[in-house]
Amino acid sequence: MVRPLLPVPGWMRGRGGQPEAYCHRAILDAIRYLVDNGIKWRAMPCDFPPWDRVYAFFRRWRDHLLVREFHDRLRDRVRQNAGRDVEPTAGVIDSQSVKADAVVGADSRGFDGGKLINGRKRHVVVDTLGLLLGVLVTAADTGDRAAAKALLARVAGTHHQLELVWADGCYTGSLIEHCLTAFALVLAIVKRSDDTRGFVVLPKRWIVERLFAHLMRSRRLVRDFERSTTSAEAMIMWSMSMIMTRRLARSRSARA
């Protein structure tokens with residue numbers, strides 16, 4: 001189902017290079033097994049290709065941004081199946097702090113005083129369907145506004161029709177004016193009422209919270225085990241690719 005969306009290797013385009021020894025289907029299944037079950041690379045079951053070949057494939061796709069390309073093609077297909085335009089016009093931004101494993105160095109980890117978590121923070125922007133538009137992984141002590149400037153600059157440069165982004169109260173202040181002047185984005189703050197008691201579903205903000213709930217179902221993402229932030233971002237995209245593949249499968253079975 002996802003074969004037409006896969007990036008084509010250089011040797012298949014006549015640009016030279018050694019042909020790959022293992023089927024892409026087996027490699028993709030191995031990476032998704034790792035993300036879903038939270039195993040170590042060296043604990044890859046023998047039903048898949050050797051772990052070092054799978055990791056080399058993952059690293060090559062990560063370094064050449066092929067993971068993002070594959071993820072974005074899947075997202076476009078899901079939006080088309082839902083009757084939406086490929087390019088979104090509105091999104092939601094939020095962050096999630098997670099604990100970091102011992103392999104995470106001090107240069108990319110920090111302490112989030114609000115959540116009392118020593119680890120990393122995932123900053124994400126999603127569309128109104130809950131599909132990922134952009135992700136940025138930083139140390140947990142990085143401020144939401146500072147990270148939002150870098151993330152929204154990346155997202156606005158990729159999705160030129162994006163006009164409105166909903167956010168919570170952490171993104172107030174000068175960030176609103178900065179988004180309007182630098183990116184032509186309207187940052188709308190959805191606040192929780194002061195007299196509200198208990199759990200209340202807030203408009204638009206529940207969309208990004210649902211994405212975080214989906215990510216936590218992948219055991220590899222319950223805690224940050226990646227040495228580099230680029231690998232952590234790639235793992236999030238692999239998890240979202242599994243979610244979108246299941247959506248496409250359900251829509252195909254419904255049409256059948």
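Nothing in this text is a laboratory measurement; each read-out follows from the coordinates by a stated rule. Worth saying up front: this structure is predicted, and the values here are computed from it rather than measured. FYI the Cβ positions are ideal-geometry reconstructions off the backbone, even for glycines, and counts take in every protein chain you see.
Expressed to the nearest 5 percent, the antiparallel share of DSSP beta bridges inside the chain is 70 percent.
With a ≥ b ≥ c taken as the square roots of the eigenvalues of the C-alpha gyration tensor of segment 4-153, please select rounded if a/c is under 1.5 and otherwise prolate if a/b is larger than b/c or oblate if it is not? Cα axes put segment 4-153 in the oblate bin. Descending by average beta-carbon neighbour count within 10 Å, the peptides 209-215, 115-121 line up as 115-121, 209-215, the highest first.
Sorting the segments 75-85, 229-239 by their residues' average number of neighbouring beta-carbon atoms within 10 angstrom, most packed first, yields 229-239, 75-85.
Packing order of peptides 244-255, 93-104, highest average first: 93-104, 244-255 (average count of other Cβ atoms within 10 Å over each peptide's residues).
Computed over the chain, the per-residue total of -39500 (n - 2.57) for DSSP H runs of n ≥ 4 gives a 222 nm mean residue ellipticity of -13000 deg cm²/dmol, rounded to 500. Using C-alpha pairs under 8 Å with a sequence gap of at least 6, the mean separation divided by the residue count of the chain gives a relative contact order of 23 percent.
Remark on A139: its backbone amide H falls under 5 Å from those of K121, a criterion applied only to residues 5 or more positions apart or on other chains, H modelled at 1.01 Å from N.
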